[in-house]
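Down below is the structure, laid out as structure tokens.
The values are calculated or read from the model by the stated rules, or taken from the named source; none is laboratory data. As the structure is a prediction and not an experimental result, all values here were calculated from the model. No Cβ is skipped: glycine too gets one built from the backbone with ideal geometry, and neighbour counts run over all protein chains shown.
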Amino acid sequence: MARVAVFSAGSWGTTMAKVFADAGQDVTLYARRMPVVASINRERLNPDYLPGIVLPDQLRATTSAVEALAGAAHVVLSIPAQTLRANLADWAAHIPSDAVVVSLMKGIETGTGLRMSEVIRQATGIPAERIAVLSGPNLAREIATQHPAASVIACPDEGAATVLQQACHTPYFRPYTATDVVGCELGGAVKNVIALAVGLAGGLGFGDNARALLITRGLAETSRLGAAMGADPLTFSGLAGAGDLIATCASPLSRNRTFGEHLGRGLSVEEATRETRQTAEGVKSCAAVLELARAHGVEMPITEVVSAVIAGAATVKDAAEALMSRSPKPERYGH
């Protein structure tokens with residue numbers, strides 16, 4: 001049994017805390033609000049984020065980051081990507097020197113273009129070999145209800161990835177290991193932007209053909225950026241690439257797709273934010289992904305159009321017309 005600290009108690013963080021606990025680990029879940037902590041500890045419920053899901057007894061919650069981190073072998077981070085650096089400034093000094101830090105976050109930091117593992121390394125000084133990422137088709141509600149699911153744990157240290165794999169392997173959650181951190185993180189970040197586009201199309205009343213077009217061309221965009229940044233191209237045909245993209249674009253549980261649907265039906269970004277209620281990472285990360293693409297000389301037309309809509313520089317109608325009016329070209333892998 002290993003000690004696992006999970007930050008924080010949103011739907012995905014709580015779900016992975018449950019997975020680790022179901023795998024037999026001693027789990028402490030950090031939450032900012034005492035009512036959430038009290039509900040988890042007394043009633044085994046987190047009604048704000050996972051209503052109706054009974055949490056295991058091996059999981060306890062606290063509002064103290066120091067308490068959560070004490071003796072932790074694995075520190076699992078699931079917070080909004082754009083708040084990671086500021087939070088790590090408070091937590092870094094308390095992370096045990098031999099702990100492996102695991103990122104569940106799927107975003108790119110605005111202003112720096114850094115992936116989440118890079119932010120962790122820069123903000124804490126923890127070496128890359130002790131930083132892992134978990135990515136894949138991770139719809140929290142399905143996993144929390146123990147529907148079959150799989151993900152990829154990527155870490156430069158294969159041994160660390162294997163230990164993590166064993167720590168969260170359950171009958172309903174199957175983790176695979178990999179070393180391609182760049183590919184796994186890019187797949188997770190860009191798919192949120194593509195899901196926004198799929199939602200926009202759905203909100204406009206477009207059908208499955210449009211969805212399939214956006215998913216496949218979105219995968220091509222992701223692969224192009226990955227190639228330019230040194231990722232393994234095979235990553236994008238696996239769970240952290242196509243698997244995550246399909247789940248996020250197809251499921252009504254997807255926050256990013258839902259956010260895009262709200263925009264497609266005429267809501268403003270502010271109104272869609274209120275309606276979605278939870279963080280849709282693609283909204284905050286789309287501009288950073290686009291800047292990353294430009295810095296590497298990569299063409300990403302779907303990302304460009306979504307970024308323009310989020311920034312208020314284009315209407316939803318403009319976005320649809322811009323994508324369909326692009327000059328035709330041969331379809332080749334990676335183009």
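A few points about this structure:
- The residues listed here are Asn41, Asn46; of these, the one that is assigned by TED's automatic domain parsing to the domain that holds Gln146 and touching a Leu at 6+ places or on another chain (Cβ under 8 Å) is Asn46.
- Residues of region 17-42 that turn out to be in contact (Cβ under 8 Å) with a residue 24 or more places away in the chain and touching a strand residue (DSSP E or B) at 6+ places or on another chain (Cβ under 6 Å), as a count: 13
- Criterion: touching a helix residue (DSSP H, G or I) at 6+ places or on another chain (Cβ under 8 Å) and not assigned by TED's automatic domain parsing to the domain that holds Lys284 - qualifying residue of Ala167, Ala231: Ala167
- Elements of the type helices (runs of 4 or more DSSP H) sitting completely within region 139-206 and holding at least 1 residues that are touching a residue at least 60 places away in the same chain (Cβ under 8 Å) and over 19 Å from Ser78 (Cα atoms): these cover 158-167, 181-203.
- Test for Glu271: is it in contact (Cβ under 8 Å) with a residue 12 or more places away in the chain and either β-branched (Val, Ile, Thr) or farther than 24 Å from Ala150 by Cβ (or both): no
- Only one of Val198, Val182 that is surrounded by 24 or more Cβ atoms within 10 Å (Cβ to Cβ), hydrophobic (A, V, I, L, M, F, W, C) and more than 23 Å from Met1 (Cα to Cα): Val198
- Residue satisfying condition, being under 19 Å from Leu134 (Cβ atoms) and more than 18 Å from the chain's Cα centre (by Cα), within set Val54, Val27, Val37: Val27
- Candidates Ala92, Ala154 - the one that is over 19 Å from the mean Cα position of the chain (by Cα), assigned by TED's automatic domain parsing to the domain that holds Trp12, at pLDDT 95 or above and farther than 20 Å from Asp26 by Cα: Ala92
- Selection count, region 217-243, where residues are within 17 Å of Asn256 (Cα to Cα) and among the polar types (S, T, N, Q): 1
- Qualifying positions in region 224-257 - under 23 Å from Glu275 (Cβ atoms) and either free of Cβ contacts under 8 Å to residues at least 12 places away in the same chain or crowded, with 23+ Cβ neighbours inside 10 Å (or both): Thr248, Cys249, Pro252, Ser254, Arg255, Asn256, Arg257
- The lone criterion from (1) at pLDDT 95 or above; (2) surrounded by fewer than 15 Cβ atoms within 10 Å (Cβ to Cβ) left unmet by Ser307 is number (2).
- Which listed residue, of Leu245, Leu213, Leu263, Leu225, is assigned to a helix (DSSP H, G or I) and within 16 Å of Pro137 (Cα to Cα): Leu245
- Selection of region 87-131 for residues being among the hydroxyl-bearing types (Ser, Thr, Tyr) and surrounded by fewer than 21 Cβ atoms within 10 Å (Cβ to Cβ) yields Ser97, Thr110, Thr112, Thr124.
- Test for Leu59: is it in contact with a Gly (Cβ under 8 Å, 6 or more places away or on another chain), within 30 Å of Ser97 (Cβ to Cβ) and surrounded by 13 or more Cβ atoms within 10 Å (Cβ to Cβ): no
- Some residue of region 245-255 being at pLDDT below 95, under 20 Å from the mean Cα position of the chain (by Cα) and under 18 Å from Ile108 (Cβ atoms): yes
- Matching residues, region 96-115, being part of a loop (DSSP other than H, G, I, E, B) and closer than 30 Å to Ala295 by Cβ: Leu104, Met105, Lys106, Gly107, Glu109, Thr110, Gly111, Thr112, Gly113, Leu114
Every residue, every condition in (1) at pLDDT 80 or above; (2) over 23 Å from Ala227 (Cα atoms); (3) of a type outside the set (Gly, Ala, Ser); (4) buried (at least 22 other Cβ atoms within 10 Å of the Cβ), yes or no:
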site: Ala272; (1), (2), (3), (4): yes, yes, no, yes
site: Ser285; (1), (2), (3), (4): yes, no, no, yes
site: Val289; (1), (2), (3), (4): yes, no, yes, yes
site: Glu299; (1), (2), (3), (4): yes, no, yes, no
site: Ala311; (1), (2), (3), (4): yes, yes, no, no
site: Glu321; (1), (2), (3), (4): yes, yes, yes, no
site: Met324; (1), (2), (3), (4): no, yes, yes, no
site: Lys329; (1), (2), (3), (4): no, no, yes, no
